[in-house]
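Everything on this sheet refers to the single structure shown next.
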Amino acid sequence: MDLYTSAHSIASHRVRIALLLKGLTYHSIVIVPESDGDGGQDGPEYRMLNPQGLLPTLTDREFSLSQSLAIIDYLDELQPEPPLLPRDRRRRARARQYAQILGCDVQPLLAPRVLRYLRTVLAVDAPALAAWQQHWLVEGFDALELWLTADLAVGPYCLGDELSLADVCLVPQFLAARRLGLPLDDFPTLAEVVENCERLPAFQRAAVT
């Protein structure tokens with residue numbers, strides 16, 4: 001399998017974690033973000049593979065797939081162990097809920113193409129752009145912190161003792177928030193989950209392309 005990825009792509013980071021947790025062998029092809037030149041995600045060669053020009057894209061022989069959550073779902077079916085979605089129906093739904101808070105509500109608003117549009121078309125200045133990013137991160141983290149606290153799951157991960165899709169999505173987003181300098185003291189439960197995940201080799205190795 002080939003993974004078209006970038007160190008700056010939160011969605012790519014999710015997929016790298018999933019691949020490594022599954023023990024699947026893959027080859028990283030690093031794509032230059034926000035570039036229309038050779039090797040860039042807006043270039044014609046990559047657009048032929050993924051018409052959206054977004055990262056990541058996974059190719060498995062003749063099959064190509066984009067969208068990180070769809071890719072992770074594919075990997076979970078391709079290699080069922082260890083599962084990233086619990087077998088219990090309600091816990092499985094909860095894992096998807098947490099993942100979608102981050103992957104559908106938070107991260108898309110912070111994507112490079114959105115920030116580029118705000119900066120170049122709407123002439124949003126740097127302080128306002130930083131405020132935009134911090135606002136949506138806090139919105140998502142606040143909700144997730146409250147959900148995890150209310151769930152009262154005992155264990156090191158979002159769903160207690162069971163590592164899941166929720167953790168795969170949380171860690172890259174939390175680390176990106178840390179790099180942005182977002183104050184994270186108000187999210188102790190999330191910080192503890194991230195710290196526990198970072199002890200695992202798959203999460204450590206996925207931190208680089």
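The values are calculated or read from the model by the stated rules, or taken from the named source; none is laboratory data. If you're wondering where the values come from, they're calculated on a predicted model, not measured in any experiment. Methodologically, a virtual Cβ is constructed for each residue, glycine included, from the backbone with ideal geometry; neighbour enumeration extends over all protein chains shown.
Summary table
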read-out: Test: residue in region 143-155 that is modelled with pLDDT of 95 or more, under 25 Å from P56 (Cβ atoms) and of a type in the set (D, E); value: no
read-out: Failed criterion for R90 (all others in (1) surrounded by fewer than 19 Cβ atoms within 10 Å (Cβ to Cβ); (2) touching a helix residue (DSSP H, G or I) at 6+ places or on another chain (Cβ under 9 Å) hold); value: (2)
read-out: Exclusive hit being of a type outside the set (D, E) and modelled with pLDDT under 95, set L49, L65; value: L49
read-out: Criterion: of a type in the set (D, E, K, R), free of Cβ contacts under 8 Å to residues at least 40 places away in the same chain, within 26 Å of R90 (Cβ to Cβ) and loosely packed, with under 13 Cβ neighbours inside 10 Å - qualifying residue of D125, D185, D161, D167; value: D161
read-out: Failed item, numbered, when L24 is tested on (1) surrounded by fewer than 18 Cβ atoms within 10 Å (Cβ to Cβ); (2) within 28 Å of L146 (Cβ to Cβ); (3) in contact with a Leu (Cβ under 9 Å, 6 or more places away or on another chain); (4) not small (G, A, S); value: (2)
